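The values are calculated or read from the model by the stated rules, or taken from the named source; none is laboratory data. These figures come from a predicted structure and were not determined experimentally. Counting neighbours? That spans all protein chains shown, and the Cβs are built from the backbone with ideal geometry, glycine included. Surface accessibility is based on the protein's heavy atoms, side chains included, excluding ligands, DNA and RNA. Shrake-Rupley method; radii C 1.70, N 1.55, O 1.52, S 1.80 Å.
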Amino acid sequence: MSANTASTSNQTGSSNTTTMTTSHGLNAASTSSPSRPAVRALALEYKSLQEEPVEGFRVKLLNEDNLFEWEVAIFGPPDTLYQGGYFKAHMKFPQDYPYSPPSIRFLTKVWHPNVYENGDLCISILHPPVDDPQSGELPCERWNPTQNVRTILLSVISLLNEPNTYSPANVDASVMYRRWRESQGKDNEYPSIIRKQAQAANADAIKEGIVVPMTLEDYCLKPTRKASTEPTLDTNFFDDDYDLETEDDLPTDDDDDDDVDDEDYDIDEDNTNAKRKDNGTADESADDSGKGETS
């Protein structure tokens with residue numbers, strides 16, 4: 001970038017758009033006010049992953065005040081070349097997430113056909129949904145807003161064990177992988193490199209006090225959900241604004257029976273009064289008839 005270009009970039013910066021320089025020297029423009037759907041989506045997904053983690057993954061925020069940059073820890077699945085590995089990566093979300101896909105960059109060295117030398121992960125689910133016949137990918141294989149972090153992580157663990165060698169990010173690793181598969185394991189250069197990287201990553205985990213699951217049982221074991229420390233909703237919150245009925249105020253079956261009994265009593269009482277009136281009228285008629293005979 002020339003000095004004039006850099007000067008122009010600084011002068012045209014506004015309160016809505018800022019220019020950031022990444023650790024790799026790339027300038028990336030980002031809006032200072034992310035969309036509300038993005039903040040809400042990330043907050044819900046992060047909470048869900050904390051309560052119900054994906055097997056073999058752990059996620060946390062790089063900065064508690066920034067929902068758009070996560071640190072992802074990937075545990076190598078047992079009975080694979082990556083067993084015992086502890087691979088760390090950064091996941092960065094765009095301001096219009098989930099309409100645009102996030103990006104993943106490995107911090108741990110990973111020798112893989114679909115990982116660039118700088119650590120960037122190349123996977124179809126993280127590619128924008130555009131029609132690109134040269135890529136060999138179908139639009140349905142690319143990103144769409146129905147995807148989420150959980151589906152991304154599951155796709156990553158699947159890609160580790162089954163690389164896409166048709167459009168590799170690391171050509172040398174792709175050739176080495178295919179040679180290993182075609183030789184039915186006789187050429188062990190590829191698995192040797194992967195195992196060495198997994199052992200080195202495991203050593204880093206030990207330094208950080210991280211226990212890497214080595215068996216399938218431990219790998220699939222989900223941590224116990226921690227008790228929520230967030231403030232709960234006060235049960236009397238609505239009492240001042242609404243006159244809500246309590247259980248004592250609600251009608252019961254006994255009340256209905258009492259009402260029926262009361263109604264029956266009223267009906268019987270009315271019938272009794274009616275009979276009394278009829279008897280009284282009959283008596284009066286009899287008296288009148290007797291008077292007439294006497295006279």
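Listed conditions (1) in contact with a Ser or Thr (Cβ under 9 Å, 6 or more places away or on another chain); (2) within 16 Å of Pro101 (Cβ to Cβ) are all met by Asn161, apart from (2). Candidates Pro113, Pro53, Pro98, Pro102: the one that is within 30 Å of Thr215 (Cβ to Cβ), crowded, with 20+ Cβ neighbours inside 10 Å and not hydrophobic (A, V, I, L, M, F, W, C) is Pro113. Summed over region 166-215, residues that are at positive phi and among the hydroxyl-bearing types (Ser, Thr, Tyr) total 0. Screening region 20-42 for residues that are among the aliphatic types (A, V, I, L, M) and either farther than 28 Å from Pro213 by Cβ or modelled with pLDDT under 90 (or both) and picking the one that is most open to solvent (accessible area, probe 1.4 Å) gives Leu26.
Across region 76-111, the qualifying residues are those that are outside any loop (DSSP other than H, G, I, E, B) and over 20 Å from the mean Cα position of the chain (by Cα), and the one among them that is nearest to Glu217 (Cα to Cα) is Tyr86. Just the residues that are of a type in the set (D, E, K, R) and without any contact (Cβ under 8 Å) to a residue 60 or more places away in the chain, please, taken from region 165-197. Asp172, Arg178, Arg179, Arg181, Glu182, Lys186, Asp187, Glu189, Lys196 - these are the residues of region 165-197 that are of a type in the set (D, E, K, R) and without any contact (Cβ under 8 Å) to a residue 60 or more places away in the chain.
Screening Arg58 with (1) open to solvent by less than 40 Å² (accessible area, probe 1.4 Å); (2) assigned to a strand (DSSP E or B) gives one miss only, at (1).
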